[in-house]
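What follows is a short report on a single structure.
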Amino acid sequence: MSSKNPPLDHDLWLASILWLCQHYSIRCHRLKVTSGLPLVEGKLDDSLFERAANQAQLDVGLHPKNKLTTASLPAVGITHAGTPIIINEFTDGVFKTIQFQINDEHTPAPIVSQQSTDDLTHKLNGDIWQVSPTQVADPRVDEIKPKPKNIGCVLRYLKLNLGIAICCLHLYLLTY
């Protein structure tokens, strides 16, 4: 265990959030994730996961566990033991999952496994969180305005269109 930050070195929920940040190439420090949160015994838990993820610039949304195959991945679930499990991929009916366990150095180490939909559903205790990076507007853009799509074509042929409209009006008037 590191003497610098002993309470956070063995935090499985924090390790999961940091893995998600790395997955999405978000630069994030563990103190930023836990800052201001009421840690339980010096660690994050499932009740603090959403707030901690938001502090790490991640958006989370609940998804029913009985519809795992339609979830946007990666997602995070809670096992019956109360530990996080990251659901990373779904290929050929098999989910690739990552769970963190404390190793001999007392730090979280990722354990990668593959599980069927039924096995994973039974392993999960409740719904899952779909996780995505927070979308931030570019500060260099003052306002995002949609550009009209066909106005260029109308302006390009305006002279021709006006000529056609005038000819049609003349023909209409000549017929009476």
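The values are calculated or read from the model by the stated rules, or taken from the named source; none is laboratory data. Model, not experiment: these values are computed from the prediction. Cβ placement follows ideal geometry from the backbone for every residue including glycine, while neighbour counts extend to all protein chains displayed. To get the accessible areas, we keep the full protein, side chains included, count just its heavy atoms, and leave off ligands, DNA and RNA. Shrake-Rupley method; radii C 1.70, N 1.55, O 1.52, S 1.80 Å.
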Taking only the Cα atoms of the stretch 80-176, how large is their convex hull per residue, in Å³?
313
By the rule of no other cysteine beta carbon under 4.7 Å, the lone cysteines of the chain are 153, 167, 168
Answer in debye to the nearest 20: the dipole magnitude of the stretch 69-167 about its Cα centre, from +1 Lys/Arg and -1 Asp/Glu charges placed on Cβ, is 1060
Choose one of 48, 153, 23: the residue whose Cα lies farthest towards the positive end of the charge dipole of the chain (beta-carbon charges +1 Lys, Arg; -1 Asp, Glu; about the Cα centre).
153
Cβ-based charge dipole, the chain, positive-most Cα from 34, 74, 107:
74
Once you put a point 7 Å from the Cα of residue 156 and another 7 Å from the Cα of residue 138, both along the Cβ direction, what distance in nm separates them?
2.5
Given the pairs 43/123; 43/67; 43/96, which are separated by over 28 angstrom at their Cα positions?
43/67
Skipping prolines and chain starts, which residues have an amide H placed within reach, meaning under 5 Å, of the one on residue 90, given they are 5 or more residues away or on another chain?
96
Given a 1.4 Å probe and the protein chains all in place, what does the accessible area of residue 14 round to, in Å² to the nearest 10?
0
Could you report the accessible area of residue 47 in Å², rounded to 10, computed with a 1.4 Å probe on the protein chains as they sit in the structure?
90
Rounded to the nearest 10 degrees, what's the angle between the helix 158-174 long axis and the longest principal axis of the chain, both from Cα atoms, 0 to 90?
40
Helix 12-23 against the longest principal axis of the chain: what's the angle in degrees, Cα atoms only, rounded to the nearest 10?
40
Cα-centred dipole magnitude for the chain, charges only on beta-carbon of K, R (+1) and D, E (-1), debye, nearest 20:
1140
Write down the Å³ per residue value for the convex hull defined by the alpha carbon atoms of the chain.
230
Can you give the FRET efficiency for residue 25 and residue 69, using 1/(1 + (r/R0)^6), R0 = 35 Å, r = Cβ-Cβ distance, to the nearest 0.05?
0.85
Taking every eigenvalue of the Cα gyration tensor of the stretch 56-121, multiplying by 5 and rooting it, what semi-axes result, largest first, whole Å?
21, 15, 11
Mind ranking 24, 172 by accessible surface for me, highest first, 1.4 Å probe?
172, 24
Mind checking the per residue accessible area of the stretch 78-176 for me, 1.4 Å probe, whole number of Å²?
77
